[in-house]
Amino acid sequence: MSEKLDFVKRLKPRLPQIEKDSLYLKLLEAAQENLRLEEVCQNLEEGIVITDAKGYPVFFNRKAEDWLGGVRTSVKQPVWNQTQDPSFAAFLKENVITAEVRTVHDLRILSPREMQLRITILPREEDGEMNFVILLSDITSRTEQEFETAMLSRMESLVRLAGGIAHEIGNPLNAITIHLELLKKRLAGLPGDKRKEIADSLSDIQDETRRLDRIIRNFLKATRKPPLRFRVDNLNEVIDDAISFLKPQLDAAKIAVKFSKDKGLPGFLMDRERLYYAFMNLIKNALEAMPDGGSVKIALTHKQHCATVTIADTGCGIAEKELARIFDIYYSTKPEGAGLGLMMVYDAVAEHGGKIEVASKLNKGTTFKVLLPIREPQLQLPNYQ
């Protein structure tokens, strides 16, 4: 291709001497070759986008148009302003025109459909002008298999560990609880002062026993989950139910809740119970972050095939160094926390093919953003047996 460009440049000063028919045939040949190359590009399974130095698209094939969600060369806007998925748009804005060498990134998008993309950015200079070639490859099946394998391995380990805990600790705790109750009954025959001293000690032991029992039960709840049951349901109602359940606690804590519903959101496939407990955990986290009262703003929106739930509180916030660990099992910033609630939230969202993001500032509040793909039931072929 570069040899042909050099030939065209050398040809320019000689154009007056070239016969018109010969020139026409050469131009026709070049145009036909260009059409063949464009047809090949348009039918590739990979997406191709070429932008100028400012990020404005000058070429894209059909696959790229599908994945970006309606990009147009006629629209005088950079490619990231024409991209539907917010994460994809932010990535392109940050990485395209700043690329100096070939770079490769993997990115998960939810709109116009859920998929994992491998994005290769190739900066090119031509006649002193910079342009950027963006190659897009769908690696969804590969990454999903890796994710599912890791998740299954993780959950199997937790279940085995939970079984051991239940056997080794659960039974002795039950015995301790029974004997504590017997001891409390025997205190009746002791003198008043002595009885109170021992009763206080027994109460402390009972409190700690109950706390251990609660930790074990929560752990077992996190690991022994029933199988997913997907059916078409209304996400507005799921969040509404979670708010209603916690309303007495929210009112008692002087926390105002505002829920902005998305009345245009259609019903889609979900496990209602899993998402109900996930949103209840997130709202409860917000409640516990505001011991002196405050407000929680919940907003549900959707765009194309992605529903977004934002939960923002005015609580104490989370330190930046702790944000990366809040979804880890057993990690908690609360003295009495078991470190299981947010892990269960993360797992519930991941099981729905979604993702969860968090932003927080100390003494200002925390915002959780849950993105869920809007999945519809697959039509089944009729059974003619």
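The values are calculated or read from the model by the stated rules, or taken from the named source; none is laboratory data. Since we're looking at a predicted model, the values are computed, not measured. Cβ coordinates were reconstructed from backbone atoms using ideal geometry, including for glycine residues, and neighbour counts include every protein chain displayed. The accessibility values were calculated without ligands, DNA or RNA, using every heavy atom of the protein model including side chains. Shrake-Rupley method; radii C 1.70, N 1.55, O 1.52, S 1.80 Å.
Assorted remarks:
- Here ILE326 meets each of (1) farther than 27 Å from PRO226 by Cα; (2) assigned to a loop (DSSP other than H, G, I, E, B); (3) open to solvent by less than 30 Å² (accessible area, probe 1.4 Å) with one exception, condition (1).
- Being of a type in the set (D, E, K, R), surrounded by 15 or more Cβ atoms within 10 Å (Cβ to Cβ) and touching a helix residue (DSSP H, G or I) at 6+ places or on another chain (Cβ under 7 Å) is not true of LYS63.
- Subset of segment 271-300 that is aromatic (Phe, Trp, Tyr) and more than 15 Å from THR367 (Cα to Cα) - its residue that is most open to solvent (accessible area, probe 1.4 Å): TYR277
- Counting the residues of segment 58-70 that are assigned to a loop (DSSP other than H, G, I, E, B) and closer than 15 Å to VAL133 by Cα gives 1.
- Qualifying residue in segment 86-97 (condition: among the charged types (D, E, K, R) and in contact with a strand residue (DSSP E or B) (Cβ under 9 Å, 6 or more places away or on another chain)): no
- Total residues in segment 104-136, condition over 28 Å from the mean Cα position of the chain (by Cα), modelled with pLDDT under 85 and either closer than 19 Å to TRP67 by Cα or among the basic types (Lys, Arg) (or both): 0
- Within segment 158-270, helices (runs of 4 or more DSSP H) holding 3 or more residues that are modelled with pLDDT of 75 or more, in contact with a strand residue (DSSP E or B) (Cβ under 9 Å, 6 or more places away or on another chain) and open to solvent by less than 40 Å² (accessible area, probe 1.4 Å): 235-252
- Set VAL49, VAL58: member being open to solvent by 80 Å² or more (accessible area, probe 1.4 Å), at pLDDT 85 or above and aliphatic (A, V, I, L, M): VAL58
- LYS93 meets the conditions (1) open to solvent by 90 Å² or more (accessible area, probe 1.4 Å); (2) modelled with pLDDT under 85 in every case but one. The failed one is (2).
- Here GLY128 does not fit the description of being among the small types (Gly, Ala, Ser) and under 23 Å from ALA307 (Cβ atoms).
- Members of segment 97-119 that are assigned to a strand (DSSP E or B) and of a type outside the set (A, V, I, L, M): THR103, HIS105, ASP106, ARG108, GLN116, ARG118
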